[in-house]
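Heads up, the thing below is written out as structure tokens.
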Number of protein chains: 2
Amino acid sequence: MIHDRTLSLSGERLAAVYRLACRPEEVEARARAICVEQTVEFPEALIDDPAIRAQIIGEIASLAPLDGERFEVVIRYPVEVAGRELTQLINVLFGNVSLQPGVRLHRVRLPESLLRQYRGPRFGAPGLRDRVGVQGRPLLCTAIKPMGRSPEALAALAYRLALGGIDLIKDDHGLADHAFCPFAERVARCAEAVARANRETGGRSLYLPNVTAPADEIVGRARQAKAVGAGGLLVCPGLVGLDALRALADDDALALPILSHPAFQGAYCVNPDAGLSHGVLFGQLNRLAGADAAIFPHWGGRFAFTQAECRDLVDGATCAMGAIRPILPVPAGGLRLERVEELGDFYGRDCILLIGGDLHAQGPDLVATCRRFVARAEAAAGP
Amino acid sequence: MIHDRTLSLSGERLAAVYRLACRPEEVEARARAICVEQTVEFPEALIDDPAIRAQIIGEIASLAPLDGERFEVVIRYPVEVAGRELTQLINVLFGNVSLQPGVRLHRVRLPESLLRQYRGPRFGAPGLRDRVGVQGRPLLCTAIKPMGRSPEALAALAYRLALGGIDLIKDDHGLADHAFCPFAERVARCAEAVARANRETGGRSLYLPNVTAPADEIVGRARQAKAVGAGGLLVCPGLVGLDALRALADDDALALPILSHPAFQGAYCVNPDAGLSHGVLFGQLNRLAGADAAIFPHWGGRFAFTQAECRDLVDGATCAMGAIRPILPVPAGGLRLERVEELGDFYGRDCILLIGGDLHAQGPDLVATCRRFVARAEAAAGP
């Protein structure tokens, strides 16, 4: 081995809370293996620099059984290992161990010094409420769809949704830059349509186009969207990477609210003994990246999240993380209008209710349906 | 509903081969639900435009049992729905269904018209072999590590590895832009060290720095690396998004071989009834994005891939995909020198063998160990 300059880290550490599914006699060795895998990735016995062994490798802070074959292990990593980069922070937390079965990242606890490196959500709940001018009830969201419609038809739809008082009118996440519905034309027409409806109603509905796009086009599309009057952005971090969302959120020339969509992220959470908890994936990581609200499938819709998973998600979206703002959960995924009261009971006022297809199933008068959606949300929120 | 311009697609379709784990009586409804979820995401009965129903929604091409509660379903989507964007192609293949348990994307079959939109690997196996001047045996790779060492120490290590004849000397994927080991300094020193060794040996070892980085810094780091003599790039698409890898691979000003690293991608494949097959995740998607080789944990190392999964990966890395080149599998993950012959038997000559820590466990003369690694690979490949 080569003799080296002296390594001298601060000693400050971040903590990752893992849940391990394994036999009791294996758990300590597995936890120790994670400490090594996520840092030096090198046989400890072959590291001849004691400073690296002492300062770089993760350390087990606690290890406790949850039930017979599940354990909670807290591992602390030096803050310097995560550096100043979200990509590297995620790598330290779950890069290589993602490849091992039976390990799930349940929570992340970051010290102030590290949290200060992230702006987090620019708007969060209060900022979003101010933008749309709505206090005291859940915000309401819907999507323009289905794919296959022309920009004119989608704009006509967006107009009616805004006329009906929906706060956030987003692109369906499948609307990209299609030959049959080009991004530039769709966004310009829809932004104009929502602005026109706002002028008529005095409302402040926002249009949020989908800027999930090739890596070298994301920022350009977002700026183009802002230039024609988009009121926010929809981003799928599973498709573009969480740090691409972070770059949009940090962009002072944009300064637009961001809705995070879970497309292609499901594989991280559907296996309860692997991947990331709902709280980390949709809550904590979205907050670090700077999303203002996180869409996810509420239990009982077309998808299979459980009540407990939805609660865990809300915890991750709102738990203490220094100056990083809480974000709004956006339950979605085949929700029906008749569930507004139940959703209000479950999430309280601080959420965004996203109903898509069911608004169209209520009869031909979409504007009236949207107004009923608003009225139900107001009633559910109470006085 | 709004009357619309006439939709007129080509009728050409791409095919996604899914494996569903469900009860036999559910399988048809689940397959049909995927056709809708991945395209219009809207209740079919509410779509009043017959052109959208006929042309946009996915169609079930076949449905067959694999065993009692597993089925293989082939769904065909219009090529226009995937557009010209890798992000949207992945979204159509597995965006929302990733959130549903019991569905796995097993293979992708893309028509020529769609494949032509992707350059794919710029080098592939023959291009990589030409760059390092090695034919007839597996290429050899190792990583500079452990994290915590200074740029000088890592460069001294890279020098010895190149002197020993390792073809590809990559950064450990945990080396980012750390205060204790800044990217710019590390890359300049290591590139210089490998070039110096090459001058002494007449060899052509390549140094591949890790350019996994914040979204707005990836291209800059790659260009900086190229400017100081890096011979290739290491990228973790799980952390930066597959399309960020694609943007690097397509960049004619870079034109460097790219090694894809699986950090943070494991959750996509560790559950056999969810996520993506190894062949899709590490093979087909890396090829579409333009990686030239894909690192993954070989069975029997520190991770838990099975032999069958490794074979599936090789199939995805090499199966026919129009003009998209095959890529080299890079078995890794705690491999030991004593397994070189077995690896040669399993993968044949067209692979890259990545051994990290075990090269350092063979005694103090690392250069001699590397030369033994080369000799064993030559012997294993036969005459």
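Within segment B:48-60, track down each residue that is facing another protein chain (nearest Cβ under 9 Å) and either touching a residue at least 24 places away in the same chain (Cβ under 8 Å) or among the charged types (D, E, K, R) (or both).
Hits for segment B:48-60 are B:Asp49, B:Ala51, B:Ile52, B:Arg53, B:Gln55, B:Ile56.
Identify all residues within segment A:113-123 that are surrounded by fewer than 23 Cβ atoms within 10 Å (Cβ to Cβ) and touching a residue at least 40 places away in the same chain (Cβ under 8 Å); write none if there are none.
A:Ser113, A:Leu114, A:Leu115, A:Arg116, A:Tyr118, A:Arg119, A:Arg122
For residues that are in a helix (DSSP H, G or I) and not basic (Lys, Arg), tally how many sit in segment A:10-61. Spell out the reasoning first.
Quick first cut of segment A:10-61, residues in a helix (DSSP H, G or I) only: A:24-37, A:44-46, A:50-55.
Subsequent filtering for residues that are not basic (Lys, Arg) retains A:24-29, A:31, A:33-37, A:44-46, A:50-52, A:54-55.
Count: 20.
Restricting to segment A:16-42, give me the number of residues that are closer than 13 Å to A:Val92 by Cα and either among the aliphatic types (A, V, I, L, M) or away from every other protein chain (no Cβ under 12 Å) (or both). Walk me through it before giving the result.
So in segment A:16-42, the residues closer than 13 Å to A:Val92 by Cα come out as A:16-18, A:34-41.
Still in the list and also either among the aliphatic types (A, V, I, L, M) or away from every other protein chain (no Cβ under 12 Å) (or both): A:16-18, A:34-36, A:40.
Total satisfying the criteria: 7.
State which residue is surrounded by the most Cβ atoms within 10 Å (Cβ to Cβ) when the search covers only segment A:318-336 and only residues that are closer than 22 Å to B:Asn96 by Cα and touching a Lys or Arg at 6+ places or on another chain (Cβ under 7 Å).
Ranking the candidates gives A:Ile327 first.
Kindly check whether there is at least one residue in segment A:93-101 that is more than 30 Å from B:Glu309 (Cβ to Cβ) and not hydroxyl-bearing (Ser, Thr, Tyr). Spell out how you get there, then give the answer.
Taking segment A:93-101 as the starting set, the residues that turn out to be more than 30 Å from B:Glu309 (Cβ to Cβ) are none.
No, because not a single residue in segment A:93-101 is more than 30 Å from B:Glu309 (Cβ to Cβ) and not hydroxyl-bearing (Ser, Thr, Tyr).
For segment B:236-255, give me the residue count where each residue is surrounded by 24 or more Cβ atoms within 10 Å (Cβ to Cβ), within 23 Å of B:Ala155 (Cα to Cα) and either more than 12 Å from the chain's Cα centre (by Cα) or among the hydroxyl-bearing types (Ser, Thr, Tyr) (or both).
Residues that pass the stated criteria total 0.
Conditions tested, residue by residue: (1) assigned to a helix (DSSP H, G or I); (2) over 17 Å from the mean Cα position of the chain (by Cα); (3) not assigned by TED's automatic domain parsing to the domain that holds A:Leu281.
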residue: A:Cys190; (1), (2), (3): yes, yes, no
residue: A:Ala195; (1), (2), (3): yes, yes, no
residue: A:Asn198; (1), (2), (3): yes, yes, no
residue: A:Gly203; (1), (2), (3): no, yes, no
residue: A:Tyr207; (1), (2), (3): no, yes, no
residue: A:Thr212; (1), (2), (3): no, no, no
residue: A:Ala215; (1), (2), (3): no, yes, no
residue: A:Arg223; (1), (2), (3): yes, yes, no
residue: A:Leu234; (1), (2), (3): no, no, no
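Could you tell me which residue of segment B:272-284 is surrounded by the most Cβ atoms within 10 Å (Cβ to Cβ), considering only residues that are within 14 Å of chain A (Cβ to nearest Cβ) and in a helix (DSSP H, G or I)? Don't jump to the end; show me each part of the working.
Initial filter on segment B:272-284 (within 14 Å of chain A (Cβ to nearest Cβ)): B:272-278, B:280-282.
Within this subset, residues satisfying the condition of being in a helix (DSSP H, G or I) are B:278, B:280-282.
On the way: B:His278: 27, B:Val280: 27, B:Leu281: 27, B:Phe282: 32.
Checking each candidate, the answer is B:Phe282.
Name every residue in segment B:162-188 that is in a helix (DSSP H, G or I) and either among the β-branched types (Val, Ile, Thr) or more than 12 Å from chain A (Cβ to nearest Cβ) (or both), in order of residue number.
B:Ala162, B:Leu163, B:Ala184, B:Arg186, B:Val187, B:Ala188
Report whether or not B:Ser98 is hydroxyl-bearing (Ser, Thr, Tyr) and either within 12 Å of another protein chain (Cβ to nearest Cβ) or part of a loop (DSSP other than H, G, I, E, B) (or both).
Yes; evaluated as a whole, the condition is true for this residue.
Which one of A:Leu208, A:Leu154 is buried (at least 23 other Cβ atoms within 10 Å of the Cβ), within 10 Å of chain B (Cβ to nearest Cβ) and either touching a strand residue (DSSP E or B) at 6+ places or on another chain (Cβ under 8 Å) or of a type in the set (S, T, N, Q) (or both)?
A:Leu154
Can you spot a residue in segment A:190-205 that is within 27 Å of B:Ala244 (Cβ to Cβ) and without any contact (Cβ under 8 Å) to a residue 60 or more places away in the chain?
No, segment A:190-205 contains no residue that is within 27 Å of B:Ala244 (Cβ to Cβ) and without any contact (Cβ under 8 Å) to a residue 60 or more places away in the chain.
Need the failing condition index for A:Phe305 against (1) modelled with pLDDT of 95 or more; (2) touching a strand residue (DSSP E or B) at 6+ places or on another chain (Cβ under 7 Å); (3) hydrophobic (A, V, I, L, M, F, W, C), just the number.
Here A:Phe305 meets the rest and fails (1).
The values are calculated or read from the model by the stated rules, or taken from the named source; none is laboratory data. All figures in this text were calculated on a predicted structure; none of them were measured in a lab. Note that each Cβ is placed from the backbone with ideal geometry, even for glycine, and that neighbours are counted across all protein chains shown.
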